[in-house]
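The values are calculated or read from the model by the stated rules, or taken from the named source; none is laboratory data. Keep in mind that what you see is a predicted model, and the values were worked out from it rather than measured. Virtual Cβ from ideal backbone geometry, glycine too; neighbours counted across all protein chains shown. Note: accessible area is taken over every heavy atom of the protein model, side chains too, but ligands, DNA and RNA are not part of it. Shrake-Rupley method; radii C 1.70, N 1.55, O 1.52, S 1.80 Å.
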Amino acid sequence: SHSRDVDIVLYEEDFDFDEASDVAVKTNNQIKTMVNTLSNWLVEQEEDAANPSTGASRRLHLHFLHNPVEIMGVDGQVTGIKFERNELDGTGNARGTGEFIDYPVQAVYRSVGYFGSAVADVDFDHRRGVVSNDAGRILGVDGAHVPGLYATGWIKRGPVGLIGSTKGDALETITHLLADRANLPAAVVLERDAILDLLDSRDVEFTTWEGWHELDAHEKSLGIEASGMGPVQRERVKVVSREEMVHVSRGAAVVR
């Protein structure tokens, strides 16, 4: 809404919430924030109904409760897209109304999101594109939990939700992982540095927690040196290259 030269256009009929929607708003902070943001935009738009356009060269129309049905075209060129109008069904989901709307458009961009890939020895839901799991515990083809395997994020629940949803999703998975910790398979190699040796053998660049502190001290020293030459203007720039960051964090000498 703060983008210059862009008007956002909303439609009042998309904000007719049902009881399940009200419950979702009251119980989920992420949904509450999103609904409040959109509703405020709608109010601002209605208050300025006499002047619906600010003269911006671009208008972003946000349509909700629309189900894409058909992309129309002539001679291989897109001319429009057909949607079925949906309505809330009282359970938090939407259903078709049988009412269809055609919009003339010149281009269609597919932004469906993510579809997972099957993993060996793990049951996979080919319709939803997720690994079969029970609240994060991955299931084998026999329907039993595979010890030591867990899922979180979109491979667990599909391409739905943003950071807020992912936090709760991860919390659920980690809670079960901790509950299972006494029965998790033991590592074949128990030495603490085994994973570091493995990364080294594969030429993987990494840093340890101690290395991070070395890098932090190095960057602070650069700031101290610079401050001796006068005031330092704060800028969001990276003053240390990635290669130098790796060298410093790994305890290597820095060549200038």
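Just a few scattered comments:
- Screening the range 158-193 for residues that are modelled with pLDDT under 90, surrounded by 10 or more Cβ atoms within 10 Å (Cβ to Cβ) and among the small types (Gly, Ala, Ser) and picking the one that is farthest from Ala24 (Cα to Cα) gives Gly158.
- Count of the range 61-73 residues, restricted to those that are open to solvent by 70 Å² or more (accessible area, probe 1.4 Å) and among the aliphatic types (A, V, I, L, M), is 2.
Results for (1) over 24 Å from the mean Cα position of the chain (by Cα); (2) farther than 24 Å from Ser165 by Cα, shown as yes or no for each residue.
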{"site": "Val6", "(1), (2)": "yes, yes"}
{"site": "Leu10", "(1), (2)": "no, yes"}
{"site": "Glu13", "(1), (2)": "yes, yes"}
{"site": "Asp18", "(1), (2)": "yes, no"}
{"site": "Ile31", "(1), (2)": "no, no"}
{"site": "Thr37", "(1), (2)": "no, no"}
{"site": "Gly55", "(1), (2)": "yes, yes"}
{"site": "Phe64", "(1), (2)": "no, no"}
{"site": "Gly73", "(1), (2)": "yes, yes"}
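- Filter pass, Ala120 being open to solvent by 60 Å² or more (accessible area, probe 1.4 Å) and closer than 30 Å to Lys156 by Cβ: yes
- Among the residues making up the range 94-121, those that are charged (D, E, K, R) and touching a residue at least 24 places away in the same chain (Cβ under 8 Å) are Asp102, Asp121.
- Remark: pairs (first residue in the range 45-58, of a type in the set (A, V, I, L, M) and outside any helix (DSSP H, G or I); second residue loosely packed, with under 11 Cβ neighbours inside 10 Å and modelled with pLDDT of 60 or more; Cβ separation under 7 Å; 6+ apart in sequence or on different chains) = Ala56/Asp5.
- Top-ranked residue of the range 130-150 - restricted to ones that are on the phi < 0 side of the Ramachandran plot and of a type in the set (Gly, Ala, Ser), ranked as least open to solvent (accessible area, probe 1.4 Å): Gly140
- Scanning the range 74-92 for residues that are farther than 20 Å from Val25 by Cα and hydrophobic (A, V, I, L, M, F, W, C) returns Val74, Val78, Ile81, Phe83.
For (1) among the acidic types (Asp, Glu); (2) closer than 30 Å to Arg181 by Cβ, each residue gets a yes or a no:
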{"site": "Met72", "(1), (2)": "no, no"}
{"site": "Gly76", "(1), (2)": "no, no"}
{"site": "Glu84", "(1), (2)": "yes, no"}
{"site": "Ala107", "(1), (2)": "no, no"}
{"site": "Gly116", "(1), (2)": "no, yes"}
{"site": "Asn133", "(1), (2)": "no, yes"}
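- Looking across the range 74-91, the residues that are open to solvent by 70 Å² or more (accessible area, probe 1.4 Å) and either without any contact (Cβ under 8 Å) to a residue 24 or more places away in the chain or in a strand (DSSP E or B) (or both) come down to Val74, Asp75, Gly76, Gln77, Glu87.
- Applying a threshold of 6 Å to beta carbon distances and a minimum spacing of six or more residues, or different chains, the list of pairs starting in the range 150-169 at a residue that is within 16 Å of Asp134 (Cβ to Cβ) and ending at one that is among the aliphatic types (A, V, I, L, M) and open to solvent by 40 Å² or more (accessible area, probe 1.4 Å) reads Tyr150/Leu177.
- Flag: Leu42 matches the condition of being farther than 28 Å from Lys156 by Cα, open to solvent by less than 50 Å² (accessible area, probe 1.4 Å) and under 26 Å from the mean Cα position of the chain (by Cα).
- Inter-residue pairs, beta-carbon under 6 Å, first without any contact (Cβ under 8 Å) to a residue 12 or more places away in the chain and in the range 185-213, second among the aromatic types (Phe, Trp, Tyr) and open to solvent by less than 100 Å² (accessible area, probe 1.4 Å), 6+ apart: Leu199/Phe206
- Residue within the range 95-108 that is in contact with a Ser or Thr (Cβ under 6 Å, 6 or more places away or on another chain), open to solvent by 50 Å² or more (accessible area, probe 1.4 Å) and of a type outside the set (Gly, Ala, Ser) present: no
- Restricting attention to the range 71-98, the residues that are modelled with pLDDT of 95 or more and acidic (Asp, Glu) add up to 1.
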